[in-house]
Amino acid sequence: MAKAKIALYWCASCGGCEEAIVDLAEKILDVVDKADIVFWPVALDFKKSDVENYPDKYIDVCFINGAIRFSEHEEMAKLLRRKSKMVIAFGSCSHLGGIPGLANLWNKETIFRYVYHEAPTVVNKEGIEPQEKVKEDGMELELPSFWNTVRALDQVIEVDYYIPGCAPTPKIIEDAINAIFTGQLPEKGSVLASQQALCAECPLNETKPEKITLTEIKRVHQIILDHEKCYLTQGVLCLGPVTRGGCDSLCIKGGMPCTGCFGPLDQTIDQGARAASFITSIIEYEDEELIEKVVNDIVDPIGWFYRYSLPKSILKRRNMEVKKK
Amino acid sequence: MEEVRIGIYICHCGKNIAGVINPKRIVEHLSRLPNVVVAKEYLYMCSSPGQSLIEEDIKEYNLNRIIVAACSPRMHEPTFQSALIRAGLNPYLLEMVNIREHATWVHERDPAETEQKVIGLIRAAVHRAINLYPLEVERLPVVKSVLVVGGGIAGIRASLDLAKAGYKVYLVEKNQSIGGKMAQLDKTFPTLDCSQCILTPMMVDVSNNPNIILQTYSVVEEINGRPGEFEVKVRQKARYVDWDACTGCGTCVEKCPARVPSEFDEGLGTRKAIYFDFPQAIPRRPVIDPDHCLYLIKGVCRVCEKFCPTGAIKFEDEDQFLTLKVGAIVVATGYQLYDMRKMYEYGYGKYRNVITGMQLERLSSANGPTSGRITTIEIERGKIKPGKEPETVAIILCAGSRDENHIKYCCRIGCMAGLKHAYYIAHALPNSKIIICYTDIRAFGKGFEEFYQRIRSLPNVFMVRGRPMEIFENKDGSLILDVFDSNTNRRLTINADLVVLETALVPPQGFEEFRKILKISCDPGGFGLELHPKLKPVETTVDGIYLAGFIQGPKDIPDTVAHAGAAAAAASAFLAKGYIESIPYLAHVDEDICSGCGVCVSVCPYDAITIEVTDGRRLAKVNSVKCKGCGACAAACPSGAMQQHYFTDKQILSEVSALAEGVVA
């Protein structure tokens, strides 16, 4: 049988997803054994033109990580879609918008104003901002457009499967690759991880008391966590209940609460809303002042509840229009 | 999957709806909506022809979803559900849209906008209806017995009614005897009947009724099970007397050397360490107060044991636990007096001649510490004894009630009790002077106004409209009241030999804990909360648990008795058929998704969810009988595994999405 052709690409990404593939270590050789890598800019010397020259549907499986932030990302995503039989959104940014998606609380104008003018570390007396087209020494240089809104991959192109995680864990990648090569894939559009929340596999789940009631909420630096006891019951925001499992509880085992990178379960449209709903449901409610105090303990609720999923939430972004009274 | 075929019916509700919008015009809009097969309007959908219209259309057009846009579902949902049943359709395939209360009644000034709102609401209902599915109700057996908690007049009345209806009644009372507060009263307003004369025959009826099992000196500790089949754990406090052996002769009480301030006499008289609550106690079986029995605290005495002719004294007695199985529970735990020591400006507990209205009842009662003589109070070598006949008595109404710093609500009986107390004094001491300091006289009940007019026209009764600011004590124990009379606009200084406080009345001690055992809500005053303030005055949020009398809120005796009768009738109706029907819109878990995180267990107000380990997996399980379908778990469930029938995420979100014009995925 002919070797499968695979491609890997990164959009608005931190590089962690690429690192996750490298972390497969010698297992990557098994992949190479079964497949030819036909495009992987971070590691191999391929050009965009190489892809353009491939016939349509030439690539069997294309893994795309990172969110869609620039025009270039969208252009490449569309190109790769055309050239690929199967596109897999790889990692939280591609799956849900991820950390870059939190920029949807601002727009291009406010981001540029801060980043190139107002940030305390900026020295920019001339007030220079990146331009899409610049002439330098008679040469015309071009930069991609920076958009107001960050999107997940499936908000730009059709996606066949999703591999969640920030970054995807070695096991989840391995399982996905095995499923792809053995043809044992679930229904199109599935997220290739557990169908249950993290709690189901969490070693601390059985330490939960019968009822969980929060009378305070602490950030991890404000508490010495007992690693033998469910973090949520210690007043630390753990998004395990609202997050898809399959990561082998790596953060929990590493002594940190779940921040939700595997995203919501199939039944959930909006992970952040679910998270806010479940957390506020278990706050001690007998005393109104206490409720207010506990709610105020949640520093940066959007950052907590929508850390990886703002572009894929119901609201998608903040409306920058200021309504005049 | 079966094709969804929707019929929509818009009710004119006479002019209530059609007076604002044009149903015909709306019907034209509706045919464009998905899956809508037929849309019609009619003058009164709830009428017989209106219902027939639906029934016929179901058959003719083979409809499998019905939307009625009319009034509130609280009003006519059952009406239209029965129309569906008659046409052979599951009643939960009905969706009602409230276009009366939610649209035409509230926006009648803007018909055009109202029409848009109505269309929007119906569009949302169409999307919800598409996602509806049939639901079934389950029949569950009930135990035909009732627990009545509290043996005052409310508990007595409820027990007698239930026993009469053929139910087995367990009447649990915390004191040695039933009778409650009413047994302490001398007379009742406004008729001035002797309280004991009307109460004690009912107490005897209770003890003689074969259907009533009297369980006094006992408290309810735990309630498990479900409506229709509660399991109640009762703690019978150690009595130190074998009640089966005891004949109630009272020799032990007579011989006991220990004297203790009597609770029944509000501390004005004494009782023995082995005692009956009062001479007419039912059951007539004494208990030993372990905190004052010389043998139990010091190891010497045993006089009662020596004199008991039947050998019934049992010093080694311990608390005993009983488990009762009952179908329903009537809560009739009554009230207690607000602690007047908290109003230190009146000096109660410090000035011996400042007493409560209940203490005056005891002084005036023939079976009280003074055998019915109303006197001032003297204290001799630390012991309370009767003093002289008072020449002037001040009665203060609203003592602690209607007071921001104490109890905000009206006690509802203080005005009449105060007037009755003025009567006691005027009647017993015709030469005395009685000053009633009132805020407002609330004489709303049957015969109350007449009673008020009668008392205020007595020549020695004086009305002062003002609450005393402070009371001072003279060396001889008489008192000086400083009060501003707003009728005459003058500040008065009143000298009185005795001051009677018509105290605020509050839920009994321990009710807050007991309420949590019952899992019922309370009002801001701490009283048990009825299900609806007008229409469900005895029901609670828990099926099968009913409130009787003062515990639902302040009431006088006639209101208490009527309320208790209503509670008994409601409990009786609940159990009469021998089964109850489960509500169909319960929570249920998708076990493939549930992660066993336990959030649902934490938020369930009815303890209906437990986490159980199945094949090594933690899974939430819903007890369908305890579940009330409140939806708290479904809203809190972080994974979406918990859904509530008839209100699934899909149903609600499709509705929201339609309203938001498809913004939601």
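What distance in nm separates the simple spin-label points at residue B:388 and residue A:291, each placed 7 Å from Cα in the Cβ direction?
6.0
Full extension from residue A:147 to residue A:58: what is 0.36 nm times the residue separation minus their Cα-Cα distance, to one decimal in nm?
Length gained, residue A:147 through residue A:58: 29.0 nm.
Could you work out the relative contact order of chain B? I mean the mean sequence separation of Cα pairs under 8 Å and 6+ apart, divided by the number of residues, in percent.
Result for chain B is 13 percent.
What does the charge add up to near residue B:90, with Lys and Arg as +1, Asp and Glu as -1, over the other residues with Cβ less than 13 Å from its Cβ?
Here the count lands on -1.
Count charges around residue B:21 for me, please; just the other residues with Cβ under 13 Å from its Cβ, Lys/Arg as +1, Asp/Glu as -1.
Net charge in that neighbourhood comes out at 0.
So how far, in whole Å, is the C-alpha centre of the stretch A:181-220 from the one of the stretch A:1-67?
With the stretch A:181-220 and the stretch A:1-67 each reduced to a Cα centre, they are spaced 29 Å.
Provide the FRET efficiency to the nearest 0.05 for the residue B:135-residue B:247 pair, computing r from the beta carbons and using R0 = 51 Å.
0.30
Where in the stretch A:186-221 are there GluC sites (Glu not before Pro) that are in a DSSP coil and have at most 13 other Cβ atoms within 10 angstrom of their Cβ?
Those satisfying the criteria are A:187, A:210.
Under 5 Å between amide hydrogens, which residues at least 5 positions from residue B:395 or on another chain qualify, with H placed 1.01 Å from N in the peptide plane?
Distant-sequence amide H within range of residue B:395: B:435, B:436, B:437, B:500.
Given the protein chains as shown and a 1.4 Å probe, how many square angstrom of residue B:517 are accessible, to the nearest 10?
We get 50 Å² for residue B:517.
Can you tell me how the stretch A:1-149 classifies by the Cα gyration tensor, rounded, prolate or oblate, using a/c under 1.5 as the rounded cut?
prolate
Say each of residue B:222 and residue B:509 gets a label point 7 Å from the Cα, pointing the same way as Cα to Cβ; how far apart are those two points in nm?
2.5
For the stretch B:587-645, compute the orientation-averaged projected area of the C-alpha convex hull (one quarter of its surface), in nm².
3.4
Would you kindly calculate the translational diffusion coefficient of the stretch A:150-234, applying Stokes-Einstein with the Kirkwood radius from alpha carbon pairs, for 20 °C and a viscosity of 1.002 mPa s, and quote it in µm² s⁻¹ without decimals?
132
Is the stretch A:107-146 best put as rounded, prolate or oblate by its Cα gyration tensor, with a ≥ b ≥ c the root eigenvalues, rounded for a/c under 1.5, and otherwise prolate when a/b is larger than b/c, oblate when not?
Oblate.
In the stretch A:233-255, whose amide N lies under 19 Å from the spot 7 Å out along Cα-to-Cβ of residue A:105? List them in ranges.
Under cut-off, by backbone N: A:237-239.
Bins of 5 Å, beginning at zero and ending with the bin holding the largest distance: percent of Cα pairs per bin for the stretch A:68-180, please.
P(r) for the stretch A:68-180, in whole percents per bin: 2, 10, 15, 17, 17, 13, 10, 8, 5, 2, 0.
Report the per residue volume, in Å³, of the convex hull enclosing the C-alpha atoms of the stretch A:207-325.
Taking only Cα atoms, the stretch A:207-325 has a hull volume of 142 Å³ per residue.
In the stretch A:238-254, which residues become less accessible by 40 Å² or more once every protein chain is in place, relative to the chain on its own, using a 1.4 Å probe?
Going by heavy-atom accessible area, the residues of the stretch A:238-254 that drop by at least 40 Å² are A:241.
What is the projected area of the convex hull of the Cα atoms of the stretch B:238-316, averaged over all directions, in nm²?
4.8
Using the C-alpha gyration tensor of the stretch B:332-387, what are the square roots of 5 times its eigenvalues, in whole angstrom, with the largest one first?
Square roots of five times the eigenvalues give 20, 18, 9 Å.
Helix B:73-86: angle to the longest alpha-carbon principal axis of chain B, degrees 0 to 90, nearest 10?
Compared with the principal axis, the helix lies near 50 degrees.
Tell me, how many Å apart are the Cα centres for the stretch B:489-529 and for the stretch B:34-106?
49
Using unit Cβ charges (K, R positive; D, E negative) and no other charged atoms, how large, in debye to the nearest 20, is the dipole of the stretch B:346-482 about its Cα centre?
With Lys and Arg at +1 and Asp and Glu at -1, about 300 debye.
Report, in degrees rounded to the nearest 10, the 0 to 90 angle that the Cα long axis of helix B:48-61 makes with the longest principal axis of chain B.
It works out to around 40 degrees.
Rounded to the nearest Å, what's the spacing between the alpha carbon centres of the stretch B:230-280 and the stretch A:258-299? Just the number, please.
Between the Cα centre of the stretch B:230-280 and that of the stretch A:258-299, the gap is 54 Å.
Can you tell me the FRET efficiency between residue B:44 and residue A:121 if r is taken as the Cβ-Cβ distance and R0 is 60 Å, rounded to the nearest 0.05?
With R0 = 60 Å, the Cβ-Cβ based efficiency is 0.25.
Find how much the distance from residue B:205 to residue B:75 grows on full extension, using 0.36 nm per residue of separation minus their present alpha carbon separation; answer in nm with one decimal.
42.6 nm
Normalise the Cα radius of gyration of chain B by 2.2 N^0.38 Å (N = residues in it) and let me know the number.
1.21
So what's the net charge close to residue B:639: Lys and Arg +1, Asp and Glu -1, counting the other residues with Cβ under 14 Å from its Cβ?
For residues surrounding residue B:639, the net value is -3.
Could you tell me which residue out of B:613, B:429, B:140 lies farthest along the dipole of chain B toward its positive end? Charges go on the beta carbon: Lys and Arg +1, Asp and Glu -1, centred on the Cα centre.
B:429
Among the GluC sites (Glu not before Pro) within the stretch B:92-146, which fall in a DSSP loop and have no more than 10 other Cβ atoms within 10 Å of their own Cβ?
B:136
Work out the charge dipole of chain B with +1 on the Cβ of Lys and Arg and -1 on the Cβ of Asp and Glu about the Cα centre, then indicate which of B:368, B:447, B:397 is farthest towards its positive end.
Projecting each Cα onto the dipole axis, the largest value belongs to B:368.
Which shape class applies to the stretch B:339-476: rounded if a/c is under 1.5, otherwise prolate when a/b exceeds b/c and oblate if not, where a ≥ b ≥ c are the square roots of the Cα gyration tensor eigenvalues?
It is oblate, given that a/c is not under 1.5 and a/b is not larger than b/c.
Average the reciprocal distances over every distinct pair of alpha-carbons in the stretch B:110-197, invert the result, and give the Kirkwood radius in Å.
Averaging 1/r across every pair of different Cα atoms and inverting gives 18.6 Å.
At a Förster radius of 35 Å, what calculated FRET efficiency corresponds to the Cβ-Cβ distance of residue A:302 and residue B:85, to the nearest 0.05?
0.15
When you take every Cα atom in the stretch B:409-533, what is the radius of gyration, and what is Dmax, the widest Cα pair distance, in Å?
Values for the stretch B:409-533 (Cα only, Rg and Dmax): 18.3, 54 Å.
Quick one: compute a quarter of the convex hull surface over the Cα atoms of the protein assembly as shown and quote it in nm².
58.0
Probe of 1.4 angstrom, ligands and nucleic acids ignored: what's the accessible area per residue over the protein assembly as shown, in square angstrom?
The answer is 47 Å² per residue.
Can you give the Rg to Rh ratio for the stretch B:552-661, taking only C-alpha atoms and Rh from Kirkwood?
Looking at the stretch B:552-661, the ratio lands at 1.16.
When the chain is fully extended, how far beyond the present Cα-Cα distance does residue B:454 get from residue B:431, taking 0.36 nm per residue of separation?
Stretched out fully, the residue B:454 to residue B:431 stretch lengthens by 6.5 nm.
Mind checking the angle between helix B:649-659 and chain B's longest principal axis? C-alpha axes, 0 to 90 degrees, to the nearest 10.
70
The values are calculated or read from the model by the stated rules, or taken from the named source; none is laboratory data. Everything numeric here is computed off the predicted structure, so don't read it as measured data. Here the Cβ is made from the backbone with ideal geometry for all residues, glycine too, and neighbour counts use every protein chain on show. In case anyone asks, the SASA skips ligands and DNA or RNA and just uses the protein heavy atoms, side chains included. Shrake-Rupley method; radii C 1.70, N 1.55, O 1.52, S 1.80 Å.
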